[in-house]
Amino acid sequence: MEGIKDKVAIIGMGCTKFGELWDKSPDDLVLDSCMEAIKDAGIDIKEIQAGWLGTVTTGNSGTILTRPLKLNYVPVTRVENVCCSGTEAIRNAAYGVASGAYDIVIACGMEKLKDHNTGFNWARMPPDYSRVDVRTAPAQFFAKTATRYFHHYGLSLEEGKTLLAKIAVKNHHNGTMSPNAHLRNEITIETVLKSPMIAYPLSLYDACGISDGGSAAILTTPEIAKSLKKDYILIKGFGLSSGSGQPFLTTDYDFIHMEENIKAAQAAYREAGIKNPHEEIDVAEVHDCFTIHELLIYEDLGLSAKGEGRKDVEEGRFALDGALPVNPDGGLKCFGHPLGASGIRMVYEIYNQLLEKAGKRQVKNARIGLSHNLGGVPGANCAVAVFGRNN
Amino acid sequence: MVGITSYGSYIPLWRMGGKAMGMKTDRAVACFDEDSITMAVAAGENCLKGSDRTLIDKVFFASTTFPYKEKQGAAVVAAACDLPQGVGTADIANSLKGGTSALLSAFDSVAAKSAKKVMVAAADTRMGLPMEQHERTFGDGAAAFVIGDTDVAAEIEASYSVSCDILDIWRTQDDKFVRFWEARFGLTEGYNKIAAQAVAGLMKKCNLQPSDFSKLVFYTPDPKSSAGLAKRLGFDPNTQLQNPMLEVLGNTGASFALIQLAAALDEAKPGDRILLLGYGDGADAISIKVTEQIDKIRNKNGVKAYLDSKKMIPAYTTYLLWRGLLNPEHEKIYYSGYQENTAVPALYRERSRILTLCGSKCKVCGTVQFPPQRVCIKCGSVDQYDEVKLSDKKATVFTYSMDYMSMVDQPCVLPIVDFEGGGRAEVYMTDKDVKEVKVGMEVEMTFRKIFFDEGIYHYYWKAMPVRFL
């Protein structure tokens, strides 16, 4: 297995503002993010040879991308892997380039959640009507990991919630420096603790924003990238792991980690040649759909040692000025979470960080960046990607 | 000899009453996720516990509050009680004496040798108009009996029935709440005359005297009338009349006489003779003789245990919410969080999983999995499994969350439970006290409604705190 390390470059990226974009249509979100990426790459739209579009609930087929962009008769595929559909679009696009099938391709992620009452169009998520099940909101699954994490490490409810609140406070702080973020306000631990309980033990401020948004990337070969511009990033490795529902089927599954996080990270590290993520990753964008998940991710991805997540949070390791800044753009928590768009939004931030274009939230000496994008509830999909600067 | 070979009752955990409700008595209230079917299943489970279910060949289910007007309740009860597919089922509907009529039909089937064992279940959840007296005096509950001809614990000796068309209390096809004529009419022309005719007819038929009976189990429309009836018929209500439990249970409709019968059997001695009276559009009087077998089938969790195990609903509005009376325009009732309607063919093909909580046990590595998996999650064996029923297993809460955005059930407790003997399931928890929910708590499974949508009641098993330790 040779892998695709350093075989694909990202030369342009775009990302709309995320949020409750009542006056933006799905087409607007696709067009705005893609045009920004095309302009950033310095290419003409006619040079795009293929496309991948990631969306969970906002339409079917590749025409979601071709219609607004008028990509005339180029091959476009819609990919869907729940919330990691964005990373899946990039991953498939990268393989299209690495295989030699295409020279220049586009990957776009887009979601229009706020055209649906309460923000989630469950009717578009088959085939659950074919099963009888206890169906609950996503928050409940992560809340169950929080209950177990607190239990396992002997944290009282207050201790556990305070620990999680610190993660929310950090991401809100970072979000204030992200012009395109959905939520841009500083909060305190008290804000989180006093917010309404939604999914015990998680409160409103433990949850990410439900947002509209679009994001896009232009991928090409390193050779073409070099001919077009000075600064670009290279894909170092991808890992995708799809679970088969183990947390709910096996009684030895502990709920204080998520196996798909570990497996996807291992695959990405292997391809990227990362031996010690704790030291080698300079900046990370991770899938903090709920604060507890960011805590699990620290440990699952080896950014913290097992059981040391709490200590590292207390010591500020993941703050913008810490040893390993996580979610410098505010993460899902504050940048918002338009499902299919989130994966590419993460890469957008890593791209800006590695190219030192992140403004006030710039992480010093960021050479290797990671994005982590979960798809579904525990026991489902996780996509991890590692990126590096071209020089 | 044909008679009762096992029995069990079920009374919901919840009570409405006390000063806060302006009530001098309590009444049993079915939880929002219970109905006549789920209560019949609970009584059936209580009745069948530890017995060989494959021997049952008929089920009669009596109620005046079937969830469906067209679609049988007995079939759901039979399936959820894990009875064989070859069982004959029938609903006995529309009459308050449905319970005793079902018992007599079961007797006839066994006596005629068209069945070996028949399970009779009766359950009701009737409603009076909001704030009207019946709302306070009705109760919800169920009882179940198995009628057979071997190891009989209470022989059904004889019966006498009277039919009478009278509008004392009724509902039409479209009524939610009972209609009634003034109680004095119903009593003087109805209960006092018709019930008396049935009892007198039975005693004459069998040549029995009042002193031949040790216990009178009488349906009664109010706390006093059965005592008056007994007295006029020459009985001593003080020593012979079974307490109708109206002040702690309420009038449970078609199951009322049968819950009282279960209570009488809880305390009966061999040789006791019980006079059972069912009333409604006529009356059934039945003479039952208790045998030596009674001590062997005596139910550990009897009526008294159910009555003692109770929680008060916090407010009258809770009752209204639970009965769907606060938002009558809602077509959908999502008790807990949200649910998508399940395709009807899926309900059908997954019926064993839904109705008996069937999981799979890998024949190769022994791992129990729920829902059933064709490919084993542990060893990867394909189609190498036995079905294993989980609905009767005790379980432990592994972890949980609570949904504060849910509607009727708030907060809705969502545990992941690990079953004794293996298997894990994500379920709802009902009949819980949120303050008592914790990792490691013991639970048992209970058959409930999980939601209602597009005219379909979705039944499933929920976890609940172990009710009797």
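The values are calculated or read from the model by the stated rules, or taken from the named source; none is laboratory data. A quick note: this is a predicted structure, and the numbers were derived from the prediction, not measured. When we count neighbours, we look across all protein chains shown, and the Cβ atoms used for this are built from the backbone with ideal geometry, even at glycine.
Out of all the residues in the stretch B:357-371, which are buried (at least 21 other Cβ atoms within 10 Å of the Cβ) and either in contact with a helix residue (DSSP H, G or I) (Cβ under 7 Å, 6 or more places away or on another chain) or not assigned by TED's automatic domain parsing to the domain that holds B:PHE451 (or both)?
Scanning the stretch B:357-371 gives a single hit, B:GLN369.
Quick one: would you say A:THR147 is under 17 Å from B:MET429 (Cβ atoms), of a type in the set (Ser, Thr, Tyr), in contact with a Gly (Cβ under 8 Å, 6 or more places away or on another chain) and within 9 Å of chain B (Cβ to nearest Cβ)?
The answer is no for A:THR147.
Any idea which of B:PHE177, B:PHE138, B:PHE235, B:PHE218 is of a type in the set (Phe, Trp, Tyr) and free of Cβ contacts under 8 Å to residues at least 40 places away in the same chain?
It is B:PHE235.
Among the candidates A:ARG389, A:ARG367, A:ARG345, which residue alone is charged (D, E, K, R) and buried (at least 21 other Cβ atoms within 10 Å of the Cβ)?
A:ARG345
Please specify each residue of the stretch B:434-469 satisfying the condition of being under 26 Å from B:PRO345 (Cβ atoms), at pLDDT below 95 and of a type outside the set (Phe, Trp, Tyr).
B:LYS449, B:ILE450, B:ASP453, B:GLU454, B:GLY455, B:ILE456, B:HIS458, listed by residue number.
When you scan the stretch A:226-317 for helices (runs of 4 or more DSSP H) that lie fully inside it, which ones turn up with 1 or more residues that are of a type in the set (Lys, Arg)?
A:259-272, A:309-314
Please identify the pairs in which a residue from the stretch A:18-30 that is in contact (Cβ under 8 Å) with a residue 40 or more places away in the chain has its Cβ atom under 6 Å from the Cβ atom of a residue that is surrounded by fewer than 21 Cβ atoms within 10 Å (Cβ to Cβ) and part of a loop (DSSP other than H, G, I, E, B), counting only partners at least 6 apart or on another chain.
As it stands, the answer is A:GLU20/A:LYS114, since those pairs meet every condition given.
Might you check whether a residue that is at pLDDT below 95, within 10 Å of another protein chain (Cβ to nearest Cβ) and over 30 Å from B:LYS435 (Cβ atoms) occurs anywhere in the stretch B:370-392?
Scanning the stretch B:370-392 turns up at least one residue that is at pLDDT below 95, within 10 Å of another protein chain (Cβ to nearest Cβ) and over 30 Å from B:LYS435 (Cβ atoms).
Out of B:VAL443, B:VAL439, which single residue is assigned to a strand (DSSP E or B), on the phi < 0 side of the Ramachandran plot and free of Cβ contacts under 8 Å to residues at least 60 places away in the same chain?
Numbers: B:VAL439 fails: assigned to a strand (DSSP E or B).
Of B:VAL443, B:VAL439, the one residue that is assigned to a strand (DSSP E or B), on the phi < 0 side of the Ramachandran plot and free of Cβ contacts under 8 Å to residues at least 60 places away in the same chain is B:VAL443.
Which one of these is of a type in the set (D, E, K, R), in a helix (DSSP H, G or I) and modelled with pLDDT of 95 or more: B:ASP82, B:ASP108, B:ASP91?
B:ASP108
Output the helices (runs of 4 or more DSSP H) that fall wholly within the stretch A:18-117 and possess 3 or more residues being more than 30 Å from A:GLY3 (Cα to Cα) and over 19 Å from the mean Cα position of the chain (by Cα), or say none.
The helices (runs of 4 or more DSSP H) meeting that bar are A:26-41, A:63-69.
Only one of B:GLU454, B:GLU442 is more than 8 Å from chain A (Cβ to nearest Cβ), in contact with a strand residue (DSSP E or B) (Cβ under 7 Å, 6 or more places away or on another chain), surrounded by fewer than 18 Cβ atoms within 10 Å (Cβ to Cβ) and not polar (S, T, N, Q). Can you tell me which?
Testing whether each residue is more than 8 Å from chain A (Cβ to nearest Cβ), in contact with a strand residue (DSSP E or B) (Cβ under 7 Å, 6 or more places away or on another chain), surrounded by fewer than 18 Cβ atoms within 10 Å (Cβ to Cβ) and not polar (S, T, N, Q) leaves just B:GLU442.
Taking into account only those residues within the stretch A:184-225 that are in contact (Cβ under 8 Å) with a residue 24 or more places away in the chain, in a loop (DSSP other than H, G, I, E, B) and out of contact with any His (no Cβ under 7 Å at 6 or more places or on another chain), which is farthest from the other protein chains (Cβ to nearest Cβ)?
Looking at the filtered set, the residue picked out is A:THR221.
Name the residues in the stretch B:393-412 that are in a loop (DSSP other than H, G, I, E, B), more than 7 Å from chain A (Cβ to nearest Cβ), buried (at least 18 other Cβ atoms within 10 Å of the Cβ) and in contact with an Asp or Glu (Cβ under 9 Å, 6 or more places away or on another chain), would you?
B:LYS393, B:VAL408, B:ASP409
Being under 22 Å from B:CYS81 (Cα atoms) and surrounded by fewer than 22 Cβ atoms within 10 Å (Cβ to Cβ) narrows it down to one residue among B:ARG374, B:ARG351; which is it?
That would be B:ARG351, the only listed residue that is under 22 Å from B:CYS81 (Cα atoms) and surrounded by fewer than 22 Cβ atoms within 10 Å (Cβ to Cβ).
Determine which single condition B:ASP431 fails, assuming it passes every other condition in (1) closer than 24 Å to A:ILE198 by Cα; (2) within 11 Å of another protein chain (Cβ to nearest Cβ); (3) part of a loop (DSSP other than H, G, I, E, B).
Single failed check for B:ASP431: (2).
Just to be sure I understand, how many residues within the stretch B:30-78 are more than 14 Å from B:THR446 (Cα to Cα), in contact (Cβ under 8 Å) with a residue 60 or more places away in the chain, hydrophobic (A, V, I, L, M, F, W, C) and surrounded by fewer than 24 Cβ atoms within 10 Å (Cβ to Cβ)?
Adding up the residues that qualify gives 2.
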